[in-house]
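The values are calculated or read from the model by the stated rules, or taken from the named source; none is laboratory data. These numbers come from a predicted model, not from an experiment. Virtual Cβ from ideal backbone geometry, glycine too; neighbours counted across all protein chains shown.
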């Protein structure tokens, strides 16, 4: 077992794990956007479509997990964060709408340019959202106890598979 995988390490490092999840999501979104810009104009290959669907699902699980897990716990334990949590949850709805548009484009055989435009808007929103969330919540999250997947929707990526 990796030392950071112990229950006590997971519980005390929830804020750090949030940052790891955000960094992984940032990297995956950057890979998607770069794939759409690949030389030769391959555009939305089957692999790129699958990667996009997987990314959208992971991002949705993360935000759904936060809304139903960590944010509820934080609202109870740290009531002064409720306005911040409400703002972040509103962002989650905006992100969900963008993900729905991306999924619709993929299902309807949309072109790479249309998907890229949605992903560019998503990247801007997510960077602002993640930065704000990290600045406002990391310390409070690190004081929580609980399971990462239950509280944040997904587990942090395994940095050993790098």
Pull out all pairs, ordered by first then second residue, where Cβ-Cβ is under 7 Å, the residues are six or more apart or on different chains, the first lies in region 105-129 and is touching a residue at least 60 places away in the same chain (Cβ under 8 Å), and the second is surrounded by fewer than 18 Cβ atoms within 10 Å (Cβ to Cβ) and not in a helix (DSSP H, G or I).
111/43; 112/43
How many of the residues making up region 69-86 are without any contact (Cβ under 8 Å) to a residue 40 or more places away in the chain and surrounded by fewer than 17 Cβ atoms within 10 Å (Cβ to Cβ)?
8
Listed by range, helices (runs of 4 or more DSSP H) wholly within region 52-152 having at least 2 residues that are under 17 Å from residue 16 (Cα atoms) and under 12 Å from the mean Cα position of the chain (by Cα) are 112-142
Quick check on region 36-46. Is at least one of its residues at pLDDT below 95, surrounded by 12 or more Cβ atoms within 10 Å (Cβ to Cβ) and assigned to a helix (DSSP H, G or I)?
yes
